[in-house]
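The values are calculated or read from the model by the stated rules, or taken from the named source; none is laboratory data. Just so it is clear, the structure is predicted and the values come from calculations on it, not from any experiment. Virtual Cβ from ideal backbone geometry, glycine too; neighbours counted across all protein chains shown.
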Amino acid sequence: MRMHILAFLTLTSTHLWAQGASHFSAILTGKDAVIPNDSPFTARANLSLTEHSLGIEINQIGPYEMNGYLQTFKGDNVLSLSWDSVSIDAPLAPYPGGVQYFGSYLISDSLIGDLQAGLLYLALTSAAYPKGEIRGQIVAIPAVPVITFGPHPVNPHVIRGDPVTFAAAAHAFPAPSFQWQFSADSNTWSDIAGALGTNHTIASVQLTNAGYYRLVASNANGVATSAPAKLDYFATGSQPITYLLITSSGFQFKQTEVQGYTYVIYASTNLDAPFSEWVAVATNVAGTNFIVDADAANYPQRFYRSKLVHWAQAMLHFSAIIWGGEAIPPNDSFYSARASLVLDENLLNVEVIDLLGAVLDGDAFLQTATGESLFTLSWTSSFLITPPLPGIAVYRGSLVLSAVQRADLLAGRLFLAIASTEHPNGEIRGRIQPVP
């Protein structure tokens, strides 16, 4: 499992961002080191070149000071970095603290050429990794804005009353300003009042919101416009069950879907039974595969119905901060995540935010306070949001709770855990708590 904690270090320096200078940046991670490694530390660097003077500012996640070097692709050191100042933030559980470095250096014409050509790397070294524990390529920041991400989602299908958020980003120096635009036909565009950030949210989609959306980024040097994203509107999420077949494996059918939504299939031998007595026979149904009820032959008759999973309109909301201190047994993992959960009757929808965009390749569990796993949660969708680096990954899944489990959730007795090879019962874990 590769997950990281994202800490924000407040910086007030201005000498690196002088007008007339050339600007560069780098993201330092263990995977980009000459000898790739699993270092929990990461860093972000800003560099500014004025004539032969190179200013460097580094924000490192992780509380231990390291030595710095400019390197070639192969890892040869071309400049040793002695810092003008270093500031170390103390750890605050579950966060590991951080280090800020500042330095200014005179560099040769040859190094300037390599820097501008993207041939140099910035490395922070440790005793265990003398060639660099974390490292990243130094890349130029463009003067004219460049769209670096999005918009996401590209073609959302949204049911009336549900929310949608478009995300996009651009990169430039000076930093660009942003404006979202709307078009009904993708030809004539108009500014959306107040939509001035990298995200644009529509809290309750209506028919008038159907159309195209794009982000315009601009600074004194120019303008960049993202590709358009199209929002498709659906008045209802009710869709029929189709392709009914009886096979040797059982009763087989498909759930027609509104793309991007999932459904839960319920069954009952009594068509008039209250909904609470219907049994969930399939969850996380997206309409692309056949659903097989192998138990159908055990009943003289069986009725089926589907229920749409609404992420935003669930009745009860919960959250969890997932970290090593809550795991069983507790550990000092640097990794963490944040979870948002919504409960619609007995259907629990889970959304996990991984703050550095790494892959959650360990199993996820719903657990009791003592660490007993009640469910293994499989993700039904995931997507990556990258601006600004290192990014954010979002994972979603759903499960159906029994009456007892629902009561435990409401009472704050359930936990969400994510496992790794070293910690199969959960490297990080957090109590699920109601959101007031």
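So how many residues does region 5-42 have that are at pLDDT 75 or above and part of a loop (DSSP other than H, G, I, E, B)? Spell out how you get there, then give the answer.
From region 5-42, those at pLDDT 75 or above are 21-42; that's our starting set.
In the following step, the residues that additionally are part of a loop (DSSP other than H, G, I, E, B) were identified as 21, 33-41.
Count: 10.
Quick check on my filter: what residues within region 198-219 are assigned to a loop (DSSP other than H, G, I, E, B), exposed (fewer than 15 other Cβ atoms within 10 Å of the Cβ) and either under 23 Å from the mean Cα position of the chain (by Cα) or free of Cβ contacts under 8 Å to residues at least 40 places away in the same chain (or both)?
Initial filter on region 198-219 (assigned to a loop (DSSP other than H, G, I, E, B)): 198, 203-206, 210.
Narrowing the set further to residues that are exposed (fewer than 15 other Cβ atoms within 10 Å of the Cβ) leaves 203-204, 206, 210.
The answer is Ala203, Ser204, Ala210.
Working only within region 260-276, note down all residues that are in a loop (DSSP other than H, G, I, E, B) and either in contact with a Cys (Cβ under 6 Å, 6 or more places away or on another chain) or closer than 13 Å to Val400 by Cβ (or both).
To start, the set of residues in region 260-276 that are in a loop (DSSP other than H, G, I, E, B) comprises 260-262, 269-274.
Within region 260-276, just Thr262 meets the criteria.
Restricting attention to strands (runs of 3 or more DSSP E) lying wholly within region 101-164, give those where 1 or more residues are among the aromatic types (Phe, Trp, Tyr) and under 14 Å from Ile58 (Cβ atoms). Let's see the steps before the verdict.
Values: elements: 121-125, 134-137, 146-152, 157-159.
Correct list: 121-125.
Give the residue that is modelled with the highest pLDDT, with candidates limited to residues of region 61-92 that are touching a Gly at 6+ places or on another chain (Cβ under 6 Å) and aliphatic (A, V, I, L, M). Write out each step before concluding.
We begin by selecting, within region 61-92, every residue touching a Gly at 6+ places or on another chain (Cβ under 6 Å); these are 61, 63, 81, 83-84, 89-91.
Next, only the ones that are aliphatic (A, V, I, L, M) stay: 61, 81, 90.
On the way: Ile61: 81, Leu81: 95, Ala90: 62.
It comes out as Leu81.
Against the definition (within 24 Å of the chain's Cα centre (by Cα) and farther than 30 Å from Ser25 by Cβ), how does Ile159 come out, yes or no?
Details: within 24 Å of the chain's Cα centre (by Cα): yes; farther than 30 Å from Ser25 by Cβ: yes.
Here the answer is yes, as Ile159 does meet what is asked.
Table: residues versus (1) assigned by TED's automatic domain parsing to the domain that holds Trp379; (2) modelled with pLDDT under 80; (3) among the small types (Gly, Ala, Ser).
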{"residue": "Ser268", "(1), (2), (3)": "no, no, yes"}
{"residue": "Ala273", "(1), (2), (3)": "no, no, yes"}
{"residue": "Thr283", "(1), (2), (3)": "no, yes, no"}
{"residue": "Asp293", "(1), (2), (3)": "no, no, no"}
{"residue": "Phe303", "(1), (2), (3)": "no, no, no"}
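This table checks each residue for (1) among the aliphatic types (A, V, I, L, M); (2) within 30 Å of Ala282 (Cα to Cα).
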{"position": "Ala193", "(1), (2)": "yes, no"}
{"position": "Thr201", "(1), (2)": "no, no"}
{"position": "Thr208", "(1), (2)": "no, no"}
{"position": "Asn219", "(1), (2)": "no, no"}
{"position": "Val223", "(1), (2)": "yes, no"}
{"position": "Gly237", "(1), (2)": "no, yes"}
{"position": "Leu244", "(1), (2)": "yes, yes"}
{"position": "Phe253", "(1), (2)": "no, yes"}
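Could you please give the count of residues in region 232-259 that are more than 28 Å from the chain's Cα centre (by Cα) and not in a strand (DSSP E or B)?
So in region 232-259, the residues more than 28 Å from the chain's Cα centre (by Cα) come out as 235-236, 238-256.
Next, from what is left, pick out any that are not in a strand (DSSP E or B): 235-236, 238-240, 248-249, 256.
Residues meeting the conditions: 8.
For region 162-188, what are the residues that are of a type in the set (A, V, I, L, M, F, W, C), over 30 Å from Phe24 (Cβ atoms) and either in the same structural domain as Val258 (by TED's automatic domain parsing) or surrounded by fewer than 18 Cβ atoms within 10 Å (Cβ to Cβ) (or both)?
Kept after step one, since they are of a type in the set (A, V, I, L, M, F, W, C), are these residues of region 162-188: 164, 166-170, 172-173, 175, 178, 180, 182, 184.
If we keep only those that are over 30 Å from Phe24 (Cβ atoms) too, we end up with 164, 182, 184.
The answer is Ala184, and nothing else.
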